[in-house]
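Contents: one structure, followed by commentary.
The values are calculated or read from the model by the stated rules, or taken from the named source; none is laboratory data. Predicted model only: the values in this text are computed from it and were never measured. Note that we place each Cβ from the backbone using ideal geometry, even for glycine, and neighbour counts take in every protein chain shown.
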Amino acid sequence: MGASLDLVDVDSLLSVEEVDVRGAARRFADERLRPSLPEWFEAGAIPAREVAKELGALGFLGMHLTGYGCAGLGPVAYGLACLEIEAADSGMRSLVSVQGSLAMYAIWKYGSEEQKSEWLPRMSAGEAIGCFGLTEPDFGSNPAGMRTNARRDGADWILNGSKMWITNGSIADVAVVWARTDDGVRGFVVPTSTPGFSAPEIKQKMSLRASVTSELVLDDVRLPESAMLPDARGLSGPLGCLNEARFGIIFGAMGAARDCLETAIAYAGERIVFDKPLTAYQLTQAKLADMAVELNKGILLAVHLGRLKEKGTLRPEQVSVGKLNNVREAIAIARECRTILAANGISGEYPIMRHANNLESVLTYEGTSEVHQLVIGQALTGQSAFR
Ligand code: TGC
Ligand code: FAD
């Protein structure tokens, strides 16, 4: 956080290494990403391969994983990198999350030695891009209902089905695909050049436009026995990956919020209404104060959950507390900042509307706010209200 917004001195909770990682991520976001984002967002197209290689060179892909060329940094350092990257754009943080916390993590956690050494070094360098296919057209919040299936044909596997809303799908070299088998849900490492695999891009998105989102179509995709992730059995496999990516979002969403608030404060200081700067009005200061309080609380929560993750005690419902609160508050902050800029608030000349639009996706993906309310509700009452 910029010094003036860090009201409760969150910085005092960070190590020198964490501050250094944050500084490197902020420089990359400010110098490399931020200047191009209005254009990428408007065009709905990003130079993903180029950006992935640059992120890889800086160690940001799979940065919380160990071995295979990964940086092996702690969860708070990873979270702070997500925060700074999402301060530029949620779509950029999505690229980092899906690569490192979903596709790479699945292979790192559940893969064979052969799968790890084939994919992880190239993925951490950004030379190979991964995607993670869990959601289907009819099964988003309830992946247990998935229809994509894998059946045996001799020693091979044959995959059929489709996945929907898959980040990086059309540009991926490898897809981690979750499918139903006679043995329950299993994960498969699918090179996207395999015959029968295609990934048409989803167009006309009004949110997360600086990110590629695709359908995955699997039409008799034949894979060798070795394509299955040996150590993931049942839904706990993909859900274990989601904990990782949701953790990054807890920090990331606060980056988008901070960028909106910094923009609004700077704008209000310059904007003269009724002969005085907008910052001089009590109504404006009340808005700014309330938003800064929520921003500080959200970042404190993120750092606290990061410390629990460091100790290895972070539970899924605690991740839900962070994801639910921080994305919800980030959207509220983006919308309030938009009111301060009024008409200019809807312009692409400022980042606020882009963040607000992006955050609508962030509210939905990695578990909708309702799903996280139900996870927390279950932890509070002992009763599952999903079904
Ligand atoms: P349930 O019966 O509760 O559990 C099934 C098994 O999974 C285990 N489990 C978990 N394990 C690890 N982490 C978690 N968070 C877990 N939650 C549950 C559970 O212990 C059980 O294990 P076992 O061994 O007994 O089999 O499952 P359910 O079918 O009732 O579903 C629970 C629910 C609704 C919470 C879950 O399905 C869910 O989280 N739904 C939301 C789906 C979701 O978030 N999809 C995200 C797709 S990826 C994405 O959006 C990427 S966007 C990326 C970007 O661009 O940044
Ligand atoms: P639905 O499940 O149909 O939900 C519709 C509404 O019903 C929501 O409000 C929901 O909260 C509510 N609801 C659902 N169940 C209950 C219940 N039990 N009680 C009360 N209310 C309920 N998925 C991937 O697998 N990989 C990706 O890389 C990926 N990237 C994405 C990128 C973008 C830009 C977007 C928008 C989505 C992405 N997703 C990805 C999909 C995302 O995870 C799903 O959209 C999300 O899980 C919700 O599923 P759904 O859209 O089918 O909504």
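Annotations
- Some residue of the range 57-72 being among the aliphatic types (A, V, I, L, M) and closer than 20 Å to N358 by Cβ: no
- Test for V221: is it of a type in the set (A, V, I, L, M), farther than 24 Å from A87 by Cα and either crowded, with 21+ Cβ neighbours inside 10 Å or out of contact with any Gly (no Cβ under 8 Å at 6 or more places or on another chain) (or both): yes
- Taken as a whole, the condition of being at pLDDT 95 or above, within 15 Å of ligand 1 (Cβ to nearest atom) and under 19 Å from R246 (Cβ atoms) does not apply to A77.
- In the range 136-160, the residues that are without any contact (Cβ under 8 Å) to a residue 40 or more places away in the chain and among the aliphatic types (A, V, I, L, M) reach residues that are within 11 Å of ligand 2 (Cβ to nearest atom) and assigned to a strand (DSSP E or B) with C-beta atoms within less than 8 angstrom, at least six apart or across chains, in these pairs: M146/E136; M146/F139; M146/W178.
- Test result for W157, within 18 Å of A103 (Cα to Cα) and either of a type in the set (F, W, Y) or out of contact with any Ser or Thr (no Cβ under 9 Å at 6 or more places or on another chain) (or both): no
- The range 362-372, residues that are free of Cβ contacts under 8 Å to residues at least 60 places away in the same chain and either out of contact with any Leu (no Cβ under 8 Å at 6 or more places or on another chain) or surrounded by fewer than 14 Cβ atoms within 10 Å (Cβ to Cβ) (or both): L363, T364
- Search result, residues across the range 122-142 that are surrounded by fewer than 17 Cβ atoms within 10 Å (Cβ to Cβ) and either within 15 Å of A179 (Cα to Cα) or away from ligand 2 (no atom under 16 Å from the Cβ) (or both): E127, P137, D138, F139, N142
- Boolean, L73 is without any contact (Cβ under 8 Å) to a residue 60 or more places away in the chain, out of contact with any Gly (no Cβ under 7 Å at 6 or more places or on another chain) and of a type in the set (A, V, I, L, M): yes
- Selection count, the range 361-387, where residues are assigned to a helix (DSSP H, G or I) and more than 8 Å from ligand 2 (Cβ to nearest atom): 11
- Output for the range 71-103, where each listed residue is farther than 28 Å from R209 by Cβ and in a helix (DSSP H, G or I): P75, V76, A77
- The set of residues in the range 104-149 being near ligand 1 (Cβ under 10 Å from one of its atoms) and either in a helix (DSSP H, G or I) or among the basic types (K, R) (or both) consists of P143, A144, G145.
- Matching option when the condition is under 17 Å from G100 (Cβ atoms), out of contact with any strand residue (DSSP E or B) (no Cβ under 9 Å at 6 or more places or on another chain) and surrounded by fewer than 20 Cβ atoms within 10 Å (Cβ to Cβ), among G72, G79, G23, G62: G72
- Within the option set E349, E329, being exposed (fewer than 14 other Cβ atoms within 10 Å of the Cβ), more than 16 Å from ligand 2 (Cβ to nearest atom) and among the charged types (D, E, K, R) holds for one residue only, E349.
- Test result for K323, more than 12 Å from ligand 1 (Cβ to nearest atom), part of a helix (DSSP H, G or I) and at pLDDT 95 or above: no
- Qualifying residue in the range 255-266 (condition: crowded, with 21+ Cβ neighbours inside 10 Å, charged (D, E, K, R), within 12 Å of ligand 1 (Cβ to nearest atom) and within 24 Å of the chain's Cα centre (by Cα)): no
- Just one of the listed residues (S211, S207) is at pLDDT 95 or above, surrounded by 20 or more Cβ atoms within 10 Å (Cβ to Cβ) and part of a loop (DSSP other than H, G, I, E, B), namely S211.
- Checking each residue in the range 160-202 for being surrounded by fewer than 22 Cβ atoms within 10 Å (Cβ to Cβ), outside any strand (DSSP E or B), within 14 Å of ligand 1 (Cβ to nearest atom) and under 21 Å from the mean Cα position of the chain (by Cα) picks out S170, I171, I202.
- Any chance R354 is buried (at least 21 other Cβ atoms within 10 Å of the Cβ), within 16 Å of ligand 2 (Cβ to nearest atom) and touching a residue at least 24 places away in the same chain (Cβ under 8 Å): yes
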